[in-house]
Amino acid sequence: MAKLDLMLLRMIKNSKSQFLAVLIIIVVGICVYTSMNMASDNLGHTLDSYYEENRFPDLFVQVMGVPVQETERLQGIAGVSDVSGTLTMDVPVLSADTERRKTLRLYTTKGDPRELSGSILLEGRPLSQGRKEIWLISQYAKANGIVPGDEIRIQVSGMDHTLTVVGVVANPEFIYLIENAQSIMPDESNFGVGYLSEATGRMIMGEGQNYNYIRIEYEPGVDEEILTEAVEEQLKPYGINSVTKRENQLSNAIMQEELNSLTMMSDSLPFLFLFTAGFILVMILSRMVKNDRLKVGVLKAIGYGNKPILLHYTKYAIVVGIIGGLLGSSLGMALAGAMTKLYLEFFNLPLLRLEFDITYIFTAILLTALFCVVSGIIGARGVLKIAPSDSMREEPPKKGKRILLERAPFVWKRFSFSRKLVMKNIFRNKKRTIFVITGVTLTYGMMMFTVTMPEVVDQLMNQHFTEFQRMDYNIGFYKPTDESAVGDLYHLIDIDYAEGKVEFPFELSRGHKKQSVNILGLEKDTRFYSFKDAGDKPVYVREGGILLSENLAKSLNVGTGDNIQIKSFLTEKTELDLPVAGVIKQSLGMNAYMEIDEMRKRLLEEGMVTGVFLDSGDDAISEKLLKAANIASVMSTQDMRDVYEEYMELIIVSIGFMLFFSGIIGFCIVYISTMISISEREGEFSSLRVLGFTKMEIFRMIRRENNMITVIGILAGIPVGWMFCKYSSEVFSTDIYSLDMMPTLGTAIWAGVFTVGFVVLAQLATYRKIRKLDFLQALKNRAG
Amino acid sequence: MTILRIENLCKSYQMGEVEVKALTDATFDINKGEFVVVLGPSGSGKSTLLNIIGGMDSPSSGKVFFKGEEITGFDEKRLTEFRRSRVGFVFQYYNVMASLTAEENVELAMEIVEDPLSVDEVIQAVGLGERRDHFPSQLSGGEQQRVSIARAIAKNPELLLCDEPTGALDYDTGIAIMSLLRKLNREMGKTLIVITHNSDIALMADRVIRMRSGEITEDTVNLNPVSAEEIKW
């Protein structure tokens, strides 16, 4: 082995803690890169294959009722390859637990293995036509401990039905099992999906020979927009409730969001680690070269040129990069399997094939090599400036200059001698100070982002369910009904206050931009919604205008005062132009709002309601409404909050990981810079020891330097954290929820506490070095 | 035969905020195989002179010729090549690589030349046979200086430049080192330039160049050089 390489290996051995610290950052970064990319690929491939095998459709149309033969006619549209009609209905489940309403979404199935959105029978047997048998979606069955052979009771149109569970299934439409866009997270024990044979479905749900839910598959390569319009046109006479494209289908949309954020994380997070590692390497190598000034001079005197010496130091970075890349990608591969399985398990997807894309390993190694070579050259470039003759001479003392604080004698005089030393060291070692400040700033910024995340989700829930919408219950009817139904409810349950509502899907458009959303018709002086614009000014629903949620306005590219076109899927009222009366802040979901009477008059029918918002202290509302014929859904704000609390526990785990990752960066930067600082200042510390300073006093001096730098770093970290949050708000906001990540005083304090915690840990780790330092030897040493 | 020719060499450099005139108008020749001692007190410019001769530093003005070729006109690459193949350095503080053993330190120099001496031969020549696998921290000052000398001669250079080779050593070790250098000069025919402030060492030299304040004050030939064992300081 070349002697320079041997020296390199021994150099690594002698500075193994520093080497290890950089290695850890690289390993973590590359591990995240490989595992997340592979998991994202595997999840994406599995999802695609799963959709393909189970024929996930291109379009979903909810209609009031369309004759069976009409669905067959749809098949005649050129470009449509398959159509399947089904009956669907949300029904309450009768169970011993009456406090919370359990809802089952029923679908009929023909039992044909080639049916669109076909179910996979995981357990049990096929359905028998005409018998009171049901398949349950696996998440619901599992959450409620239901197995084939058990019975469940449901209520449809006021009648009880007992069904035997004969199978547990998975379905591509409910990979992510949530009731609607407002639910945000799955509540698997209270919302489920059941599949009945068509004969049984018709017997229970009625509807004669009609279907109310149509799934459509297109031929590959067709113009989906044109086809969708053709389908809408044909189904319009039968009353379209909603038209949902494949990409907007709730479960699929959430899955795609999940995939997107996984890809985004896997694309950005590793770079943060690699930049940090590169940053640290530059620091380590530049300091190493500075310390090795004499060694470099001797090598040059012997006859070594600049290139081999530069390469000698750069190899340090290359070695750490290669080991980090190999370890990180191997670990990432191992984790990718576990991560993919975890994701697939979480989403109830069957594992079809676990693929390990070897290119990620090559890319990872190439990436680290690139980062490390560049950092290595930048860090070691000082080699070029060392002249052998100069290196033999003692370095001239640095130009003595007063630091800024010394020019304020009033302040300066108040410092003790050791504190003055601390100040001078901070201001004179500008590069080191900037390096550590940057590290602490980055750590604090990431910490702030991390601790803001749960707070924001918490705020989002609070804001949405207590400030934005304030009802205790949101009751939905099966069919639109006369507004007298609101009064009828007073006879069934104790109501403090109630308002009728209309909620219907419409297509909103401006120019070529279109969006299908639910428009909510609300009382002019509704007590249940409080709208505010971007400037936090109250906005009200009024005749002659429509309110749009911010995300909706953005997707249509409209603002207050612009006119939009509202297209009804229903037959009677077709199109209407309305000005946007306001753009309102809404954290969850995407909606438009109109004054109820105007909406009914101009778009629907006068006097109709589709549901009721109400406040009530009655704890038995679910139970009391169970038998009411036209009640399709009872959503309690409190139930939503409870589900959210459970969900938060899951979030806490990922927050923990993020905190750990952020902490690693801070720890490594503070640890390495302190270690370097101690090595560089052995002579200075030795002199202090001779003067009578104890090891603890010297450690305290270093600690004070770091403390001051930490404070500056944290202060600089506040705007950085704010920027991280702002950026994330934009990146992570979706059609389903809008994040407004604004750090609060609380999150700023918590981020500070965590940052300080990791800095303290790093300092404790360096104390060992101070304790072991041979000060007398340091005074004697002339390094070679 | 002249191996080295120095012509009107001057050097001044910046030390912090002070400009130091290290060398003023130095001119002399050195013959092949000669043992020359450059004698002078600390700060007299002898190290600067040695650094320029060895291609480690460049003069502010003046010329250095090695075997008739002007090395002061060399670029960085040719200077490196010159140091690599023609010159061996021995330093006052040895400057051996702490992370390499005695033998590895010697090999470090051998790796970059085409026709080095055998490592065993060199190690034996400097008397380090038993200590070849020891790291510098396990060696005495004299042994470290032997490593430094071995490293210098391993490349088989024509010119051996020694900067205060006994400066950091005790008397006995100093004598041993000087004896070794003399042996290499006499037996291997290496041209040897030793700079020192120790006038007793000058008794061993074939020629003595005295310096003071950057100037050559005397250049004398020693007709009766003594052996290392005969000198005392």
So for region A:472-486 (the condition being under 29 Å from A:Ile669 (Cβ atoms), modelled with pLDDT of 80 or more and of a type in the set (Gly, Ala, Ser)), does at least one residue qualify? no
Could you run through region A:344-358 and say how many residues are modelled with pLDDT of 80 or more and either closer than 17 Å to A:Asn252 by Cβ or touching a strand residue (DSSP E or B) at 6+ places or on another chain (Cβ under 9 Å) (or both)? 1
So the helices (runs of 4 or more DSSP H) completely within region B:37-137 holding 2 or more residues that are among the polar types (S, T, N, Q) are B:46-53, B:76-86
Please go through region B:13-33 and give me each residue that is in a strand (DSSP E or B) and at pLDDT below 90, ordered by number. B:Tyr13, B:Gln14, B:Met15, B:Val18, B:Glu19, B:Val20, B:Lys21, B:Ala22
Are any residues in region B:84-99 at the interface with chain A (Cβ under 9 Å from one of its Cβ atoms) and either in contact with a helix residue (DSSP H, G or I) (Cβ under 6 Å, 6 or more places away or on another chain) or of a type in the set (Phe, Trp, Tyr) (or both), and if so, which ones? B:Gly88, B:Phe89, B:Phe91, B:Tyr93, B:Tyr94, B:Asn95, B:Val96, B:Met97, B:Ala98, B:Ser99
Can you tell me which residues in region B:166-197 are at pLDDT 85 or above and within 14 Å of chain A (Cβ to nearest Cβ)? B:Ile195
Conditions (1) within 17 Å of the chain's Cα centre (by Cα); (2) closer than 17 Å to B:Lys190 by Cα -> B:Gln92 fails only (2)
What do you reckon, is A:Ser251 part of a helix (DSSP H, G or I), surrounded by 15 or more Cβ atoms within 10 Å (Cβ to Cβ) and of a type in the set (Ser, Thr, Tyr)? yes
On the basis of being surrounded by fewer than 18 Cβ atoms within 10 Å (Cβ to Cβ) and either modelled with pLDDT under 90 or more than 21 Å from A:Ser729 (Cβ to Cβ) (or both), does A:Gly521 make the cut? no
Please count how many residues of region A:534-548 are touching a Ser or Thr at 6+ places or on another chain (Cβ under 8 Å) and either open to solvent by 30 Å² or more (accessible area, probe 1.4 Å) or part of a strand (DSSP E or B) (or both). 1
What number goes with the only condition from (1) farther than 18 Å from B:Arg212 by Cα; (2) within 14 Å of chain A (Cβ to nearest Cβ); (3) modelled with pLDDT of 90 or more that B:Leu50 does not pass? (1)
Residue identified as over 25 Å from B:Ile112 (Cα atoms), open to solvent by 30 Å² or more (accessible area, probe 1.4 Å) and in contact (Cβ under 8 Å) with a residue 12 or more places away in the chain among B:Ile216, B:Ile231, B:Ile195: B:Ile216
Among the residues of region B:100-131, the number that are within 14 Å of chain A (Cβ to nearest Cβ), of a type outside the set (Asp, Glu) and under 25 Å from A:Met11 (Cα atoms) is 11
Of all residues making up region B:65-83, the number that are under 18 Å from the mean Cα position of the chain (by Cα), more than 14 Å from chain A (Cβ to nearest Cβ) and open to solvent by 60 Å² or more (accessible area, probe 1.4 Å): 1
Within region A:131-157, restricting to residues that are polar (S, T, N, Q) and within 34 Å of the chain's Cα centre (by Cα), the one that is surrounded by the fewest Cβ atoms within 10 Å (Cβ to Cβ) is A:Asn144
What are the residue pairs meeting all of these: first residue in region B:107-135, first residue touching a residue at least 40 places away in the same chain (Cβ under 8 Å), second residue part of a loop (DSSP other than H, G, I, E, B) and open to solvent by less than 50 Å² (accessible area, probe 1.4 Å), Cβ atoms under 6 Å, and 6 or more apart or on different chains? B:Ala109/B:Lys155; B:Met110/B:Pro116; B:Ile112/A:Gly303; B:Val113/B:Lys155; B:Pro116/B:Lys155
Which numbered condition B:Leu9 fails, given (1) in a strand (DSSP E or B); (2) open to solvent by 30 Å² or more (accessible area, probe 1.4 Å); (3) touching a residue at least 24 places away in the same chain (Cβ under 8 Å): (2)
How many residues are of a type in the set (Gly, Ala, Ser) and either facing another protein chain (nearest Cβ under 9 Å) or buried (at least 24 other Cβ atoms within 10 Å of the Cβ) (or both) when one looks only at region A:2-20? 1
Subset tally (residues that are small (Gly, Ala, Ser) and modelled with pLDDT of 85 or more) for region A:412-458: 1
Listing of helices (runs of 4 or more DSSP H) fully contained in region A:374-482 that carry 3 or more residues being among the β-branched types (Val, Ile, Thr) and more than 14 Å from chain B (Cβ to nearest Cβ): A:430-462
Test A:Leu327 against the stated conditions and say whether it is farther than 30 Å from B:Ser58 by Cβ and modelled with pLDDT under 90. no
Tell me whether region A:116-130 contains one or more residues that are surrounded by 15 or more Cβ atoms within 10 Å (Cβ to Cβ) and free of Cβ contacts under 8 Å to residues at least 24 places away in the same chain. no
Flag if A:Ala581 is modelled with pLDDT of 90 or more and under 31 Å from the mean Cα position of the chain (by Cα): no
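Here is a yes/no grid of residues against (1) under 22 Å from A:Phe465 (Cα atoms); (2) buried (at least 22 other Cβ atoms within 10 Å of the Cβ):
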{"site": "A:Glu575", "(1), (2)": "no, no"}
{"site": "A:Val583", "(1), (2)": "yes, yes"}
{"site": "A:Asn591", "(1), (2)": "yes, no"}
{"site": "A:Glu606", "(1), (2)": "no, no"}
{"site": "A:Gly611", "(1), (2)": "yes, yes"}
{"site": "A:Ser636", "(1), (2)": "yes, no"}
{"site": "A:Arg641", "(1), (2)": "yes, no"}
Identify, please: which residue in region B:170-192 is acidic (Asp, Glu) and part of a helix (DSSP H, G or I) and is, among those, most open to solvent (accessible area, probe 1.4 Å)? B:Glu187
The residue from A:Arg428, A:Arg432 that alone is open to solvent by 20 Å² or more (accessible area, probe 1.4 Å) and over 20 Å from A:Ser587 (Cβ atoms) is A:Arg428
Only one of A:Glu572, A:Glu543, A:Glu598, A:Glu605 that is at pLDDT 80 or above, closer than 24 Å to A:Val61 by Cα and acidic (Asp, Glu): A:Glu605
Filter result for the condition that a residue is open to solvent by 20 Å² or more (accessible area, probe 1.4 Å), assigned to a helix (DSSP H, G or I), farther than 21 Å from A:Tyr140 by Cα and of a type in the set (D, E, K, R), over A:Asp112, A:Asp48: A:Asp48
Does region B:150-169 contain any residue that is open to solvent by 50 Å² or more (accessible area, probe 1.4 Å) and over 26 Å from B:Lys32 (Cβ atoms)? no
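The values are calculated or read from the model by the stated rules, or taken from the named source; none is laboratory data. Because the structure is predicted, anything quoted here is derived from the model rather than measured. Note that each Cβ is placed from the backbone with ideal geometry, even for glycine, and that neighbours are counted across all protein chains shown. The area values use the complete protein model at the heavy-atom level, side chains included, leaving out ligands, DNA and RNA. Shrake-Rupley method; radii C 1.70, N 1.55, O 1.52, S 1.80 Å.
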